[in-house]
Amino acid sequence: MELVVAAAIGILTASGVWLILRPRTYQLVIGLALLSYAVNLFIFSMGRLRVNAPPVLEGGGTVDVTAYTDPLPQALVLTAIVIGFATTALFLVVLIVSRGLTGSDHVDGREG
Amino acid sequence: MEASDFLPLLVAIPFLGSILALLPSPRARNIEAWLGGSVTLCALLIVVFLYPAVENGDVVKRTIEWVPALGLSVTLRMDGFAWLFSVLITGIGFLVVIYARYYMSPDDPVSRFYALLLAFMGAMLGLVVSGHLIMLAVFWELTSVFSFLLIGYWHHNQAARDGARIALTITGTGGLCLLLGMILLGQMAGSYDLDAVLAAGDIIRSHALYVPTLLLILAGALTKSAQFPFHFWLPNAMAAPTPVSAYLHSATMVKAGVFLLTRFWPVLSGTPEWFTIVGIAGLTTLLLGAYFAIFQQDLKGLLAYSTISHLGLITALLSFGSPLSLVAAIFHMMNHATFKASLFMAAGIIDHETGTRDMRRLSGLFTAMPYTATLAIIASAAMAGVPLLNGFLSKEMFFAQALEEHQRSFLDSSAPYVATLAGAFAVAYSVRFIHNVFFGPKAANLPKQPHEPPALMRRPIELLVIACVIVGVIPGLSVGPFLHTAVVSVLGEQTPTYSLSVWHGFNIPLLMSTIAMVAGFALYWALRNYLRTCEEGPPYFRRLQGQRIFERVLVTVSWRWARAVEGVLATRKLQPQMRLLVLTALLAGVWAMWGTRDVLPALTVHGLDPVLGALWAIGAFCAVSAAYQAKYHRLAALILMSGTGLATCLSFVWLSAPDLAVTQLLVEIVTTVLILLGLRWLPKREEARAAVDQTTRLRRHRDFFLAAGSGLGAAVLAYFTMLTPRPPSVGDFYLEHAYSQGGGTNVVNVILVDFRGFDTMGEIVVLAVVGLTVFALLRRFRPAEDTAETPYQQREQDQFDDLRRDREVGETLKDYLLVPSVIMRWMFPVVVLLAAYLFIRGHDLPGGGFAAGVAMAIGFLLQYLAGGARWVEERLRILPVRWIGSGLLVAVLTGLGSFLFGYPFLTSYFQYTELPFIGKMPTASAMLFDLGVFSLVVGATVLMLIAIAHQSLRVRARPRQADGGQG
């Protein structure tokens, strides 16, 4: 389980990094999206992987903390997902506007 | 009122006066002088009143706690030494205020002048009565700032601006060093309280950080007191109005450096490092200052170098480290302030009455202004150290101390010779000052006809000169007790016995004085004709100007080096920057992981889940293909990217994170739609089959390795972290208390809206800001020309509709989308219900404001897809900015609500209530906060999507304006 998730993080990171080093703005947008998947998974995995232990309590009373996975990384990732959407939108708009202003979709605003 | 109550008042009065001084009209000289005079007199009276309280080595202290946890407080502390300085500051300040009334021209904006002068006085008083190290450093910097403003008072004058800039750069930098030094000192002593530090001398001197601290504090003190090699700011500061020079640059501010050295003398002095550094600085400054002073042609320049030299004398005295030399140092600080302030004022009168300060043009003024001349002669005699004047006494003490052996070194053995030589120079420039200006042939071609100044302009000088004479004749009776009070407050039990009498019999110091006197006269006589005509500045040193070196250093550091670094590191291209960034991150990661190989657990394939493996085989394939296709096949890349997103989402389901899965799924939908909307504005790119050149291939290889390296690093890091057992986490606390304190069973949601509600608040603000930014950016958007046209398919369809008489434009599109659009329209209530459901259950089960908000946004989005923007907006008024605004408002008001009950911001309250039809439902104030989150997420998401969707409409409305608009 850990190996699969770690490999996934690695491959997503590699694809993302490859793309953010490319010259076209669209590649950058996709790259950042992939990179944010990787980072979200990474942060999430810092709470260690558990199956069938969602941090949703069953009724009141005393709580056995070992029965649930760590909720903190999940809370962090949850907002990261929404903010990630916002930054993707922002990048996309910057891309469109920069394309409109410079006539080029190169990251530097001009070819070469 | 107790004595300590007056201390805050003493510091506050000048600042209040400074504010008041700005009120009258800028040219109201008389009102300003009355105001300034009363303020300074008030302060002076307070100081005088405080004398009995400090007389017997007692200390008046007032502490006002500020941040006790950090050891910060406003501590005012006056002892004998601070008292002496306070007298100088307020007394000479009073005289300068009167003098300035007559010196300043009716055209000068005097309100600014007086305001700055009084503020400076407040800063200086604050500095000397500071009982807290950090406060001392703050007042220290304040004096630098006000000095800067006062030097640059005539800011239309280039020399004034330059002088102000140089002074601020040097003293300001020194002040920063001092602040560091003070922090170190406080750390070593364990307290920033001055008394505690003064008591911790032995600990500090033997501490490992003693030398760095000493260097930092000396950097502050020596720059302020214009010691070599930082002396050159002082002559440049002479561009200031003369009252400023008399006050700041002779009597008070430049004394702050030696004040500081004296203040910390019991703590820092007595070590070889102290003796060497302070001694070399002092003796060099003493000699060079005096030598340079001889060759100045500007009256104030001569006095400035003389000031530098006298400050060097005081510094040298402090370096000796014996109690007797400390007595001499304090005594000379007072004496120098008295005679130098009066000389500056005299120079100002000469400048004022003749229109020039150039000694090549001034001559024979005695007949025109005999009274002023007499005063100046007495003050110069004090400066030269003529017997029966105050300068003589402290100079004799200096000579005596120079003869003593302090630390066996070359410095020690050369001190008496340096002292005598500097004494001779001092006599030479003093004689020159008098002889050159007041005697000789009567000057012709002066800009103004010289005559005596108004009596009140002379009065301050008279008072100071009388003080010089009284102290010089009956030192023991006049200043004796006050000096003793000051000395005792610094030295305590170490106070030596000393005699202030004028006549000590025939001894070596007297011989040195005599030699200096004769040699000085001879030197002047030999040089007098040369000096009448020579260029400004001493021979051989003329070209070696500190100022020029300083400017060159500044240019080198702030311009040339900065440019060089920019040339190496900075590029306007994004790709090299990104590469550098990734490489740095990679190297940092490798560096951190280096050497941890032994402690890592072994790699095992144990427990590999085939389904998860298969899921990620697909996910990884999608990611790599997306990376491969993103250049030429954007739509394919987008679909592949979403595939990866789905794999991520399913992993969250698998790995016990239902909340993340829900949110990820919903966000995936809006992201995809968003990028789909954006695709239309990108240029067509045909896949090139041409061979890539060598450099491109090399670059791709390099990037490939960077990417592979980063991926490998991330994977290794993640893998080994996941295999190590989880240390106790704050998450356990949340699990334990989510229900009992937050009233919810969905711990992730409780963390978001309750425990870490403030963080969430920040996050939704970011979301709102991004939404508005997207909106704002697109308002001014002009698409590139090649994408301004409607797409090929749309044109085709519209053309078809146009040709047929029974069809309207757009009908074909409608027909195509008939079935999906009916479904989408009917879905709207369902989606709204889903959003409400997600929201309500959020506190206890997966869901919550974020997920519900995105779901709701999707509901709106579907309507846009089904009917087009026009159709939707004709029927449904969505005001996303209002959604954002009310969301923020609800969140903030919920947070503020807890203030009403006396709890901190965002404290939540909850209970279970029975609702009809729905049943038992948790109602927590946190849910209200979540409602704010929901509303804001809906608003921001819809705003972004609609803003992009609207572009097509706007372009169609203005078909051919693409090239004329915003550049």
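The values are calculated or read from the model by the stated rules, or taken from the named source; none is laboratory data. Computed from a predicted model, the values in this text were never measured in an experiment. Note that each Cβ is placed from the backbone with ideal geometry, even for glycine, and that neighbours are counted across all protein chains shown.
Can you tell me which residues in the stretch B:280-294 are of a type outside the set (A, V, I, L, M) and surrounded by fewer than 23 Cβ atoms within 10 Å (Cβ to Cβ)?
B:Thr284, B:Tyr291
Please tell me if A:Ala67 is under 21 Å from B:Gly842 (Cβ atoms) and either free of Cβ contacts under 8 Å to residues at least 24 places away in the same chain or out of contact with any Ser or Thr (no Cβ under 6 Å at 6 or more places or on another chain) (or both).
So A:Ala67 does not fit the description; no.
Please enumerate the residues belonging to the stretch B:439-466 that are closer than 23 Å to B:Ala337 by Cα and either in contact (Cβ under 8 Å) with a residue 40 or more places away in the chain or among the charged types (D, E, K, R) (or both).
B:Pro453, B:Leu456, B:Met457, B:Arg458, B:Arg459, B:Pro460, B:Ile461, B:Glu462, B:Leu463, B:Leu464, B:Val465
Is at least one residue of the stretch B:701-712 aliphatic (A, V, I, L, M), over 40 Å from the mean Cα position of the chain (by Cα) and surrounded by fewer than 20 Cβ atoms within 10 Å (Cβ to Cβ)?
Scanning the stretch B:701-712, I find at least one residue that is aliphatic (A, V, I, L, M), over 40 Å from the mean Cα position of the chain (by Cα) and surrounded by fewer than 20 Cβ atoms within 10 Å (Cβ to Cβ), so the answer is yes.
Counting only residues that are more than 14 Å from every other protein chain (Cβ to nearest Cβ) and touching a residue at least 24 places away in the same chain (Cβ under 8 Å), how many does the stretch B:835-850 have?
Residues in the stretch B:835-850 being more than 14 Å from every other protein chain (Cβ to nearest Cβ) and touching a residue at least 24 places away in the same chain (Cβ under 8 Å): 3 in total.
Return the total of residues in the stretch B:12-45 being of a type outside the set (Gly, Ala, Ser) and touching an Asp or Glu at 6+ places or on another chain (Cβ under 7 Å).
Looking only at that region, the number is 1.
Let me confirm something: among B:Gly731, B:Gly771, which residue is in contact with an Asp or Glu (Cβ under 7 Å, 6 or more places away or on another chain) and either assigned to a helix (DSSP H, G or I) or facing another protein chain (nearest Cβ under 8 Å) (or both)?
B:Gly731
Yes or no: B:Leu510 closer than 30 Å to B:Arg361 by Cα, surrounded by 14 or more Cβ atoms within 10 Å (Cβ to Cβ) and not charged (D, E, K, R)?
no
Does B:Thr696 count as surrounded by fewer than 20 Cβ atoms within 10 Å (Cβ to Cβ) and either of a type in the set (A, V, I, L, M, F, W, C) or under 30 Å from B:Tyr837 (Cβ atoms) (or both)?
Against the criterion (surrounded by fewer than 20 Cβ atoms within 10 Å (Cβ to Cβ) and either of a type in the set (A, V, I, L, M, F, W, C) or under 30 Å from B:Tyr837 (Cβ atoms) (or both)), B:Thr696 does not qualify.
Considering only residues that are polar (S, T, N, Q) and not in a helix (DSSP H, G or I), look in the stretch A:67-112 and name the one that is surrounded by the most Cβ atoms within 10 Å (Cβ to Cβ).
A:Thr69
Return the residues of the stretch A:48-66 that are more than 7 Å from chain B (Cβ to nearest Cβ), under 20 Å from B:Pro725 (Cβ atoms) and either in contact with a Leu (Cβ under 6 Å, 6 or more places away or on another chain) or part of a loop (DSSP other than H, G, I, E, B) (or both); say none if nothing qualifies.
Selection gives A:Asp64 alone.
Taking A:Asp64 as the residue in question, decide whether it is farther than 22 Å from B:Ala707 by Cα, surrounded by fewer than 23 Cβ atoms within 10 Å (Cβ to Cβ), of a type outside the set (A, V, I, L, M) and over 13 Å from the mean Cα position of the chain (by Cα).
It is true that A:Asp64 is farther than 22 Å from B:Ala707 by Cα, surrounded by fewer than 23 Cβ atoms within 10 Å (Cβ to Cβ), of a type outside the set (A, V, I, L, M) and over 13 Å from the mean Cα position of the chain (by Cα).
Given the structure, is B:Arg726 facing chain A (nearest Cβ under 8 Å), closer than 24 Å to A:Pro55 by Cβ and surrounded by fewer than 16 Cβ atoms within 10 Å (Cβ to Cβ)?
For B:Arg726, the condition - facing chain A (nearest Cβ under 8 Å), closer than 24 Å to A:Pro55 by Cβ and surrounded by fewer than 16 Cβ atoms within 10 Å (Cβ to Cβ) - is met.
So which of A:Leu41, A:Leu28 is more than 7 Å from chain B (Cβ to nearest Cβ) and not polar (S, T, N, Q)?
A:Leu28
It is to be established whether one or more residues within the stretch B:775-792 are within 7 Å of another protein chain (Cβ to nearest Cβ), in contact (Cβ under 8 Å) with a residue 40 or more places away in the chain, farther than 30 Å from B:Leu817 by Cα and not hydroxyl-bearing (Ser, Thr, Tyr).
Within the stretch B:775-792, none of the residues are within 7 Å of another protein chain (Cβ to nearest Cβ), in contact (Cβ under 8 Å) with a residue 40 or more places away in the chain, farther than 30 Å from B:Leu817 by Cα and not hydroxyl-bearing (Ser, Thr, Tyr).
Can you tell me which residue among B:His332, B:His406 is modelled with pLDDT of 90 or more, touching a helix residue (DSSP H, G or I) at 6+ places or on another chain (Cβ under 7 Å) and either surrounded by fewer than 24 Cβ atoms within 10 Å (Cβ to Cβ) or not in a loop (DSSP other than H, G, I, E, B) (or both)?
Exactly one residue qualifies, and that residue is B:His332.
Yes or no: B:Ile350 in contact (Cβ under 8 Å) with a residue 12 or more places away in the chain, within 38 Å of the chain's Cα centre (by Cα) and not in a loop (DSSP other than H, G, I, E, B)?
Against the criterion (in contact (Cβ under 8 Å) with a residue 12 or more places away in the chain, within 38 Å of the chain's Cα centre (by Cα) and not in a loop (DSSP other than H, G, I, E, B)), B:Ile350 does not qualify.
Which of (1) at the interface with another protein chain (Cβ under 7 Å from one of its Cβ atoms); (2) among the polar types (S, T, N, Q); (3) more than 13 Å from the chain's Cα centre (by Cα) is the odd one out, the single condition A:Thr13 does not satisfy?
Going through (1) at the interface with another protein chain (Cβ under 7 Å from one of its Cβ atoms); (2) among the polar types (S, T, N, Q); (3) more than 13 Å from the chain's Cα centre (by Cα) one by one, A:Thr13 breaks only (3).
Take the stretch B:17-33 and flag every residue that is of a type outside the set (Gly, Ala, Ser), assigned to a helix (DSSP H, G or I) and surrounded by 14 or more Cβ atoms within 10 Å (Cβ to Cβ).
B:Leu20, B:Arg29, B:Ile31, B:Glu32
Within the stretch B:451-462, which residues are more than 42 Å from the chain's Cα centre (by Cα) and part of a helix (DSSP H, G or I)?
B:Ala455, B:Leu456, B:Arg458, B:Arg459, B:Glu462
Sort through B:Glu808, B:Glu796 and tell me the only one that's over 60 Å from the mean Cα position of the chain (by Cα), free of Cβ contacts under 8 Å to residues at least 60 places away in the same chain and in a helix (DSSP H, G or I).
Exactly one residue qualifies, and that residue is B:Glu796.
Testing B:Val667 on (1) in contact (Cβ under 8 Å) with a residue 60 or more places away in the chain; (2) surrounded by fewer than 23 Cβ atoms within 10 Å (Cβ to Cβ); (3) at the interface with chain A (Cβ under 9 Å from one of its Cβ atoms); (4) under 30 Å from B:Gly842 (Cβ atoms), one condition comes back false. Which one is that?
(2)
Which pairs have Cβ atoms under 8 Å, sit 6 or more apart or on different chains, and link a residue in the stretch B:479-505 that is at positive phi to one that is outside any helix (DSSP H, G or I)?
What qualifies is B:Gly492/B:Gly57.
When you look at A:Leu92, is it closer than 22 Å to B:Leu638 by Cα, touching a Leu at 6+ places or on another chain (Cβ under 7 Å), at pLDDT 85 or above and more than 7 Å from chain B (Cβ to nearest Cβ), yes or no?
In short, no.
Where residues in the stretch B:232-253 are among the small types (Gly, Ala, Ser) and in a helix (DSSP H, G or I), which of them is surrounded by the fewest Cβ atoms within 10 Å (Cβ to Cβ)?
Looking at residues that are among the small types (Gly, Ala, Ser) and in a helix (DSSP H, G or I), I get B:Ala239.
Mind checking which helices (runs of 4 or more DSSP H) fall wholly inside the stretch B:157-210 and carry at least 2 residues that are in contact (Cβ under 8 Å) with a residue 24 or more places away in the chain and under 16 Å from the mean Cα position of the chain (by Cα)?
Those helices (runs of 4 or more DSSP H) span B:158-189.
I'd like to verify a number: residues in the stretch B:621-664 that are more than 16 Å from A:Tyr37 (Cβ to Cβ), free of Cβ contacts under 8 Å to residues at least 24 places away in the same chain, part of a helix (DSSP H, G or I) and facing chain A (nearest Cβ under 7 Å), how many?
0
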